[in-house]
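Asks: Quick one: the structure is below, questions incoming.
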Amino acid sequence: MDKAMADSVISWLIGMLMDKAKEKVDSWLGVPEDIKKLRRTLRSFQSVLDAENRRIEDKAVNDWLMELKDVLYDADDLLDEWRAEKCTPGEPPLKRVKRNISSISFRNVVGNKIKDLNDRLVVIIFLESKGFFLLVLFCFSLFLHPQQVPQVSRITSPTMKSDMVGEQLEDDAMALMKQLTKQDPSKNVVVLAIVGIGGIGKTTLAKKVFNDGKIKASFRTTIWVCVSQKFSETDLLRNIVTGAGGSHGGEQSRSQLEPAVERLLRGNKFLLVLDDVWGAQIWDDLLRNPLQGGAAGSRVLVTTRNAGIARQMKAAHVHEMKLLPPEDGWSLLCKKVTTNAEDERDAQDLKDTGMKIVEKCGGLPLAIKSIGGHIVNLTKRHESVRTLLVEGSRGIVGDVDDSLKNLVRLRVLHLMHTNIESISHYIGNLIHLRYLDVSHSHITELPESICNLTNLQFLILKGCFKLTQIPQGIDRLLNLRTLDCKDTDLESLPCGIGRLKHLNELVGFVMDTPTGSCPLEELGSLQELRYLSVDRLGRAWLEAEPGRDTSVLKGNHKLKNLHLHCLSTLTSDCHTEEEIERMEKVLDVALHPPSSVVSLSLDGFGLRYPSWMASASISSLLPNIRRLELIYCLHWPLLPPLGKLPSLEFLEIVGADAVTTIGPEFFGCEVAATGHDRERNSKLPSSSSPPPPPSLFPKLRQLELWNMTNMEVWDWVAEGFAMRRLDKLVLENCPKLKSLPEGLIRQATCLTTLDLSDVCALKSIRGFPSVKELSTSGESDLEIVADLPALEFLNLGTYRRRNNHLPEWLAQQSFTTLQRLDVRGTTQILRRCLQNGADWPMIERFPKFSIEDGRGNYINYIKHSCTFDTNLVDDDAVFAAVAAEEEEEEEEEEVNEL
């Protein structure tokens, strides 16, 4: 929080009191004014709540923040109730009159509650004293001067009551007390240590021993000091002086305090407990000398997580803490969660569950106590629970129904990955619910009562593959920001989606059926949309209307991400020629993307690409497109002319099976540009200078072509420059492509990553001056890889038996800049890479080399350190068996492909 924000909050604190003094509003008529005041209160205090995100360890400040947060939640809940009562869309007039009459009493109740909340806020700020206001200002100072906030150390006290129980604790205490009182004539002051991981009970054991009557009787002076990780030497010495019954008289320096400690403990039999020690220097550099004057039998007991510290402090005895046995853990859990005999009896009925909790805690006392405390808090605040997370659970339907009845203040409900098939109608009572996620569950329907959740902002139905419809009244969810229906089986969406004016994200809008549901036109009303995906565009012909010439998305100026999915193949086998024509018109016109779109995805899109993609003015129609995905547009004979998109950075084309050639049209250049236009230009007067060559794909950084199974030729543009900023090229399953275009080699001077997989017909990769990383895998007929002067990383993936050797071109070139060679191959290739193998001579010159076979076998080699590491056993019989297995696996794979 900056100073201006802090000043505004403090000003509000004063202003609210002035408003309270001069204004008293009627309980009924004044509710709207008090609502406004409460909203102002919430906004003002939001900045204060940001303190929770800071490391504030002052308990008073944290308690104050927690109390403030509770009141603000109550206030927000009350505003929810007010909104729910005030507004019911589409309500009949007669019913509205009746509700207004009945709401008089509601207004009185709400008015009183609001005034009470405002009063509670005042009390929280001042707590009926001016002193606490200084604490509030201290809270602000933590934000204004965070560098001045001191690190507050962990503090323990021997007088704090312990929750620990069990036979193990008693046995450990007896053994430790025996060591503490054991005579050692060799020295007066002896160090003992308790060692164990954090939370295992070191401090608890030390307290039990420290407070035992026999120990008190055995030592004249007992002192308890908590050291912690960051300690002050002077504070530590002052605490010892005070614990020994002395007074430090205001001494501030170590040189003054050390003699005081020595005077107090000289000739005195003492027990000093140093709890939570993090370094041996506390003994060697600070305490050893002042304590040496203690009487015979004096002891220093140290608790530490590090056994090495105990050894450095020359501890005569080290007690290593053990994890709690299950029964002791259960006793500790019971003690933490029960307060009376009746609770203890009830707890015994849940022992099986409790023992599972103890087991999950691994016998660690701190974990058991933390879980116990959490259970207590949940019990005390059951009605105030605001988040319920049920993920990946089975058989929880009844528990969820009970929760929906009781947890009336829920704001967040997660039911992801559960086997729940329906939700109780009680969910309609959760008027404070903001977030509902039932994604990837078995749910088949949603109750109509869900439409009562007027404060709901997120409804996540993603992956509910059994869900076929959603309630008709969904248009009443006026505060909805996200509706995600991706990967569901919805046939349609109800009418009225266009009334959800705050919707930012609509995933899985389903084109309506012949019977009609939500029409496409309703999308035009969603002016706040940032993300939209439309499914089942194969039904688009149902939406086509004569005379439609504008896009329903024309006014969606905030839309950034648009995804259009056809799913059904538009062929004459499925639709008549007239239907296909109407569909394409809808796709050409009605779903024309607005110019604001940044990411566009077309999936299974018709027999041809949309007309707006072929437009000569595509650069002005789609000026902001940075990411474009064309997925399984199986019937497009040519790729659309995309080269003039001014902002395009990422282009992915998948499964364009009908494309055999990528030519100049892809770059946005007419084929005639090299023929007719050239002849026409030659007839221009000599004084006329030709226009400068165009820059095509000017910002493209990544190009990916996947599953282009019939592409044989990739031509470049005859004129101009293209893909000058291309950084990464991915070609996956393009089996017929025979060569990479020369223009790519000449012009893509920023290309650093080349990733090729199953580009079977490609014979050579050469001449790329900037490529640093090259990956090849799958079937390949590569014969030449050369003239790659910047190559640093080479990744080879070889799975077929016919390629059971490293490629020959690897030996033909020097690859002087190569830093690392990684190979994924067969076990037979691995054997050839052993130091006595056939391929070792070509491998040993590379700085780093690694190979694995997918069966757990590997070789790692580092040249400069002469490191060769492998787990491969060079055994002929073993290799013969493995070779037979690999051959069988390859044959099965080939059959599966066929």
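Asks: Through the Karplus equation 6.51 cos²θ - 1.76 cosθ + 1.60, θ set to phi - 60°, convert the phi angles of segment 740-750 into ³J(HN,Hα) values in whole Hz; use x for Gly and Pro.
Replies: 8, x, 4, x, 4, 5, 6, 9, 7, 7, 9
Asks: Which entries of K369/K405; K351/K405; K182/K202; K699/K736; K501/K554 have Cα-Cα distances beyond 18 Å here?
Replies: Listed pairs above 18 Å: K369/K405; K351/K405; K182/K202; K699/K736.
Asks: Taking other Cβ within 10 Å of each residue's Cβ, how do F465, F697, F721 sort, fewest first?
Replies: Taking fewest neighbouring Cβ atoms as first place, the list is F465, F721, F697.
Asks: Can you find, among I223, G293, A315, the residue sitting farthest towards the positive end of the charge dipole of segment 167-320, where Lys and Arg contribute +1 and Asp and Glu -1 at Cβ?
Replies: G293
Asks: Name the residue farthest towards the positive end of the dipole of segment 167-320 from the options V302, P185, L265, assuming +1 on Cβ of Lys and Arg, -1 on Cβ of Asp and Glu, about the Cα centre.
Replies: With unit charges placed on the Cβ atoms, the residue in question is P185.
Asks: Can you list residues whose amide H is under 5 Å from E783's amide H, if they're 5+ apart or on another chain and H is modeled 1.01 Å from N?
Replies: Sorted by chain and number, the residues that satisfy this are S764.
Asks: Ranked highest first by the average count of other Cβ atoms within 10 Å around their residues, in what order do 175-186, 418-429 fall?
Replies: 418-429, 175-186
Asks: So what's the net charge close to T870: Lys and Arg +1, Asp and Glu -1, counting the other residues with Cβ under 12 Å from its Cβ?
Replies: -3
Asks: Ordered by packing density, taken as the mean number of other Cβ atoms within 10 Å over each peptide's residues, highest first, how do 698-704, 200-206, 789-795, 813-819 rank?
Replies: The densest-packed peptide leads the list: 200-206, 698-704, 789-795, 813-819.
Asks: Report the net charge of residues surrounding E528, where surrounding means a beta-carbon distance below 15 angstrom and charges are Lys +1, Arg +1, Asp -1, Glu -1.
Replies: +4
Asks: I need to check one value: relative contact order of segment 178-280, counting alpha carbon pairs closer than 8 Å and at least 6 residues apart, in percent.
Replies: About 32 percent, as a whole number.
Asks: To continue, here is another question. Cut-off is 10 Å between beta-carbons; in what order do L638, L705 appear when sorted fewest neighbours first?
Replies: Ranking L638, L705 by Cβ neighbours within 10 Å, fewest first, gives L638, L705.
Asks: I want the local charge near S595. Using Cβ-Cβ distances under 14 Å, sum +1 for each Lys or Arg and -1 for each Asp or Glu among the other residues.
Replies: That sum, taken over residues with Cβ under 14 Å, equals +4.
Asks: Give me the dipole magnitude in Debye, nearest 20, for segment 399-518 about the Cα centre, with unit charges on the beta carbon: positive for Lys and Arg, negative for Asp and Glu.
Replies: 560
Just so you know, all these numbers are worked out from the coordinates, no wet-lab data involved. Small disclaimer: the values here were computed from a predicted structure and weren't measured. So basically every Cβ, Gly included, is an ideal-geometry build from the backbone, and we count neighbours across all protein chains shown.
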